[in-house]
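Notes follow the structure.
The values are calculated or read from the model by the stated rules, or taken from the named source; none is laboratory data. Only a predicted model underlies this, so the values are computations on that prediction, with no experimental measurement involved. Note that we place each Cβ from the backbone using ideal geometry, even for glycine, and neighbour counts take in every protein chain shown.
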Amino acid sequence: MTIKSKTKKESSRTLSSKSQALSQNISLSIPLPRSPLVRRFLKRVQNTVAKYSLFKPEETLIVGVSGGPDSLCLLDVLVLLKEKYHFSLHVAHVNYHLRGEDSLLDEALVKETAKKYSLPFHILSYHRKETSPSEEKLRTVRYDFFEKLREKYMADAIVIAHNRDDEAETLLLRLIRGSGLSGLSAMRPRNKYIIRPLIETSREDIIEYLTNRSLIFRKDMSNDDAKYLRNKVRHILLPLLEKEFQPQIKKLLAETALLLGEDYDLLQNQGAHIPLVRKDGVIEFSCRNLLQMPPALITQELRFLLRPFLAGKNPSKNLIFECMKAFKSTKKKNQVITCKGLKCIRKGDTVRLLNF
């Protein structure tokens, strides 16, 4: 069931009393026997875990929980799987204070849920400096907090509740905005310390699971706001594609993203293909050797070579383009490209990469 906060005029109870009400409701969910539906759901999640080697027995996991349906489903699933895997769970929540009382109720629900499961609860109360922080800014705040917890408790992974529908939406968004293979692989089941056990599970199945388990959750009304592009994809574009073109479009898009991710991993794991000379933080290589490679591998090779100079981030499409332009230039004078952290110099056949 969904918990929605009342308007200010309707509200006569304090936040504390609402939290107590949430606590009473939560206590009903834990002792329920496992129905056939729940057993099937757990089996599907375990298949995903095994397929992508997401976690092992006795590991420590930081679980990001917003209070929404996906993350509360994820937390309940992990609690049930503790019997088999014997791992330690830490519940992490970020309150951005963007939605007034709703944000406080999100926090209260997650806190009470963690308490009922007898799990440690960690909260970051983030008071924004910006009037309207971007989604990317909020994501950075959230993941930085999760990473600090991972380091503090020497956890093995950070568990995020992205599901199959999220994967499909992300692929469409990146197609609309324009993206290469890395972007089109969308959200990976595992990305370093980030794992997503629900990545092959539909949002519909998650809601069905929550209903069967009598679990309450919060609904973020901003997820219905059409001013956000993702919401337009979710509520307008995908339903249109399902109705007019392919009823299984979400499943197929999500599977496509996972397949593209495997292709991207193949390229990424190739490492450096060309001979390199490394000295005092400078990397040198032959321009001719690089250009003899297939175009897709050239791009991947450049990402591999430039990333250390860009604080570990992938170079932009524009930077790749400028480098390729310099490498293919027939001009005799030196070609120099600079950006924050990097200086790329081509002199004859020699390319030098150094900190700038």
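Structure above, values below:
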{"read-out": "Inter-residue pairs, beta-carbon under 9 Å, first at pLDDT 80 or above and in region 218-232, second of a type in the set (Val, Ile, Thr) and in a helix (DSSP H, G or I), 6+ apart", "value": "Arg218/Val110; Ala226/Ile236; Leu229/Ile176; Arg230/Thr170"}
{"read-out": "The listed residue being out of contact with any helix residue (DSSP H, G or I) (no Cβ under 7 Å at 6 or more places or on another chain), surrounded by 15 or more Cβ atoms within 10 Å (Cβ to Cβ), of a type outside the set (Lys, Arg) and assigned to a strand (DSSP E or B), out of Glu284, Glu255", "value": "Glu284"}
{"read-out": "Which numbered condition Lys313 misses (of (1) in contact with a strand residue (DSSP E or B) (Cβ under 8 Å, 6 or more places away or on another chain); (2) closer than 28 Å to Lys192 by Cα)", "value": "(1)"}
{"read-out": "Qualifying residue in region 303-315 (condition: among the hydrophobic types (A, V, I, L, M, F, W, C) and at positive phi)", "value": "yes"}
{"read-out": "Count of residues meeting criterion [in a helix (DSSP H, G or I) and under 22 Å from Tyr143 (Cα atoms)] in region 80-122", "value": "12"}
{"read-out": "The one condition in (1) surrounded by 11 or more Cβ atoms within 10 Å (Cβ to Cβ); (2) without any contact (Cβ under 8 Å) to a residue 12 or more places away in the chain; (3) part of a helix (DSSP H, G or I) that Gln246 fails to fulfil", "value": "(3)"}
{"read-out": "Test set (1) in a helix (DSSP H, G or I); (2) in contact with a strand residue (DSSP E or B) (Cβ under 6 Å, 6 or more places away or on another chain); (3) over 25 Å from Met187 (Cα atoms) - Asn289 fails condition number", "value": "(2)"}
{"read-out": "Sole exception among (1) surrounded by 11 or more Cβ atoms within 10 Å (Cβ to Cβ); (2) at pLDDT below 55; (3) within 28 Å of the chain's Cα centre (by Cα) for Gln20, by number", "value": "(3)"}
{"read-out": "Top-ranked residue in region 189-229 [being part of a strand (DSSP E or B) and out of contact with any Gly (no Cβ under 7 Å at 6 or more places or on another chain); ranked as surrounded by the fewest Cβ atoms within 10 Å (Cβ to Cβ)]", "value": "Asn191"}
{"read-out": "Failed condition for Val45, given (1) buried (at least 17 other Cβ atoms within 10 Å of the Cβ); (2) out of contact with any Phe, Trp or Tyr (no Cβ under 9 Å at 6 or more places or on another chain); (3) more than 24 Å from Arg164 (Cβ to Cβ); (4) at pLDDT 95 or above", "value": "(3)"}
{"read-out": "Single residue of region 113-136 satisfying the filter (at pLDDT 90 or above and closer than 18 Å to Asp70 by Cβ) that is surrounded by the most Cβ atoms within 10 Å (Cβ to Cβ)", "value": "Thr113"}
